[in-house]
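Working notes for the structure below.
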Amino acid sequence: MPVAPMKLVTIAGPLHEFDLVARSCVIDREFHPENAINVLKSVKGLLPFDPFNPYAPLLRRAREIADRAGIPLDYAPFPEEGFSPEDCAGSLDDMENLVNPLLQERVTLSERLDENNMLLMQLENVLAVDVPLQDFFSFSYVKFRFGRMPREVYNSFHPHIAEREYVFFFKTNADRNYVYGMYMAPRSRSEEADSLFASLQFERVRLSARLHGTGEQAMDAIRADTKATERRVEEVARELATLRREKSAFFLSRYSYIRYISDSYDARRYAAHTEESFYMLGWVPDSAFDAFAENVGKYKQYNVVLLGEDPEGLTDFVPPVQLKNRALLRPFEPLVAMYGLPAYNETDPTPFIAVVYSFLFGIMYGDVGHGILLALTGCFMWKAKRMWLGRVLIYTGAASVLFGLLYGSVFGSEELLPFGFDLLSESHLVLTFSIYGGAALLCAAIAVNIVNGIRQRDTIKTLFGPNALAGLLMYSAMALTVLPFLGFGTELLSASVTIPVIFCAAAVVFCREPLSKFCEGRRNWKPHEGVGGFLVTNFFEMFEILLSFLSNTLSFLRVGAFAISHAAMMTVVYALAETASGSHNIVVLAFGNIFVAAIEGLLVGIQVLRLNFYELFGRFYGGSGRPYEPIKIDYRSRKD
């Protein structure tokens, strides 16, 4: 059974021993917790624990130090005895005293480099000044202003500036957009000069007090300071790297201990207590129950009690779902999770989607060459990038190779293999196969729903519903009647046989609710909307059911259509690549194959997923399960 069976367990014990039991029996064990307050509603005097975690601030501080020091969070061994939160807090203080001065110095050095770059940009525009720059700040009767103005403004108004006897503008540099320079004016008329240049869009550049000597001398000094600062930046980086190398194990052991006690304390949010006892409830996989019970049994001296029971008959809440598929099928579990996990008493569709997805992909994208490329791409994604989708591509690539051999297609060429099925000339046969194959898959999906109905003891799902035994008979008879009439295949059964079956099965589906109530022994059941409302509602529901059967079946025409379109697209590629001499341009062939492989591979992958989700899963799968999530400490996590 792909969905692992579960046992509901209850752990109870003395209140003062909760932390010991939680750390030894619950944390990092196969235990999915339930909220005890919500489950044990009938227990009087049951109270929730205080949600405040006293270790959370210490954990946040440890994470912040790790971020500043550049130490990746990870587990490091720590002794279960001998450590204390107080000792760890002192260790964090020591770590901060080592890290913070280096980090602060790095910030200061970075600001120094930024300032130097800005000064160099300023100095490039005042190099024409052959006077010590510091002298400009020591004049008693004259004020100087350095800056720039737009070139077009300068070109238009510099004669106007020259006419003013109280101000003198000295051009030092110019570029495409701006003219750089300085103006000087008597201090008694500096405000008038400032107003004049402000009207000319003059942007003042304030020179740093660090600048000494002429422009060239100041520039040489700043460059020398920059080199010295960069050397110190490298030294600080080496010191930080040495600190990380030498102190990582020490720091991570303290961090891991803090994470351990913090997450262990958080287990209280699932538990409840009275004045003397604590209670924890959760789910344990049946395969792990004996080991779990043996571990809890070690604490008999603390009067810890373990109760285990099967979930059959529970109505208030249902077990979580842990998928147990073989390694061959696990790559398709994430596709199932996209739709939703199966309920505990529902069939896991992973084997179904693994077969159907690969099979349909191969039919729609059958090409030996493209299939090999797809499988190699999947291998790279899986091995090098650890992407689960890579393994799915390996399966789909293998299916493409298989059907490519059937079609005789290698990189779109049907001349390399001495055998093969001509998709273009036999297009009607391909479409017929697609639609009958889709009908068979729909019947298979209904059959899975019947199995679910048996397991869930649901008579509508098993016998009377549109996706039950009655619906299977109705749909099968409809397919055998309607599809030959539409030109797909030949008539296998006479209409005189199939039409009565359709009407009888449709009548059962129409009356599925009263028939179900009758089987449950509720013979006095009456529709809440009245007989008239029941008839009208079910009439429109039957119309919708019949329409969905038709639309779902016709959707599978896209399987054959994509197979034909692949052959047609590759025919176009070869036609474009053909030269006047009868040979083919290799570059055009390569580009065409890459384009078709990328575009069609993506489209086929999406369309196959759509067929599974909308046409097939809707027939038997609810996807209402919740994942099995035991309390496992993730030392790399940055969440509280």
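Read-outs throughout are calculated quantities, based only on the coordinates presented, and are distinct from any laboratory measurement. The model shown is predicted, which means the values in this text are computed figures rather than measured ones. In this analysis, Cβ positions are derived from the backbone assuming ideal geometry, glycine residues included, and neighbour counts consider all displayed protein chains.
With Cα atoms defining each centre, the range 370-392 and the range 51-76 are spaced 37 Å apart in the structure. For the range 451-555, the calculated P(r) over all alpha carbon pairs, in 5 Å bins from 0 to the bin holding the longest distance, is 2, 12, 18, 21, 19, 13, 8, 4, 2, 0 percent. Taking the range 534-553 and a reference point 7 angstrom along Cα→Cβ of Glu513, the backbone N atoms nearer than 19 Å belong to 534-546. Considering only GluC sites (Glu not before Pro) in DSSP loops that have at most 16 other Cβ atoms within 10 Å, the longest stretch of the chain without any of them is 530-640.
How about the range 372-440: which trypsin sites (Lys or Arg not before Pro) there lie in a loop by DSSP and see at most 13 other Cβ atoms within 10 Å? Mind showing how you got there, number by number?
Details: sites: Lys383, Lys385, Arg386, Arg391; in loops: Lys385, Arg386.
Those satisfying the criteria are Lys385, Arg386.
Normalised by the number of residues in the range 563-612, the average gap of Cα pairs under 8 Å and 6 or more apart makes the relative contact order 32 percent. When Val536, Val336 are arranged by Cβ crowding within 10 Å, least crowded first, meaning fewest neighbours, the order is Val536, Val336. Can you tell me what share of the DSSP beta bridges in the range 127-206 is antiparallel? A percent to the nearest 5 is fine. So the antiparallel bridges amount to about 100 percent of the total.
Ranked by Cβ crowding within 10 angstrom, fewest neighbours first, how are Ser494, Ser248 ordered? Walk me through the numbers before you get to the answer.
Values: Ser494 10, Ser248 18.
In increasing order of surrounding Cβ atoms, one gets Ser494, Ser248.
Excluding same-chain neighbours fewer than eight residues apart, the aspartates and glutamates reachable from Lys526 by a Cα-Cα span under 18 Å are Glu513. Among the chymotrypsin sites (Phe, Trp or Tyr not before Pro) in the range 1-76, those placed in a DSSP loop whose Cβ has at most 11 other Cβ atoms within 10 Å are Phe52. Relative to the longest principal axis of the Cα atoms of the chain, the long axis of helix 151-162 lies at roughly 20 degrees.
Which net charge results when you count Lys and Arg as +1 and Asp and Glu as -1 among the other residues whose beta-carbon is under 9 Å from that of Arg210? So the surrounding residues net to -2.
What is the distance in Å between the Cα centres of the range 610-636 and the range 563-577? Their Cα centres are 39 Å away from one another.
Relative to the longest principal axis of the Cα atoms of the chain, helix 368-383 runs at roughly 60 degrees.
Please arrange Lys526, Lys7, Lys44 by how many other C-beta atoms lie within 10 Å of their C-beta, fewest to most.
On the way: Lys526 11, Lys7 20, Lys44 6.
Least crowded to most crowded, the residues run Lys44, Lys526, Lys7.
Listed options for Cα extents along the principal axes in Å are [x] 103, 101, 70; [y] 117, 92, 57; [z] 76, 70, 41. The value calculated from this structure is the one marked [y]. For the chain, the longest principal axis of the alpha carbon atoms and the long axis of helix 85-123 meet at an angle near 60°. Straight-line reach from Lys143: taking Cα to Cα under 27 Å and skipping same-chain neighbours fewer than 8 places apart, the lysines in range are Lys171. Each Cα pair of the range 414-498 feeds into the Kirkwood radius, which the Stokes-Einstein equation turns, at 20 °C and 1.002 mPa s, into a diffusion coefficient of 144 µm²/s.
The range 193-219 and the range 249-266 have their alpha-carbon centroids 56 Å apart. Taking amide H as placed 1.01 Å from N in the peptide plane, Lys324 has its amide H under 5 Å from the amide H of Val3, Ala4, each at least 5 places away in sequence or on another chain. Enclosing the Cα atoms of the range 127-206 in their convex hull gives a volume equal to 89 cubic angstrom per residue. With respect to the cross-link table entries Lys7/Lys517; Lys44/Lys324; Lys41/Lys632, which display a Cα-Cα separation exceeding 29 Å? Violating the 29 Å Cα-Cα cut-off are Lys7/Lys517; Lys44/Lys324.
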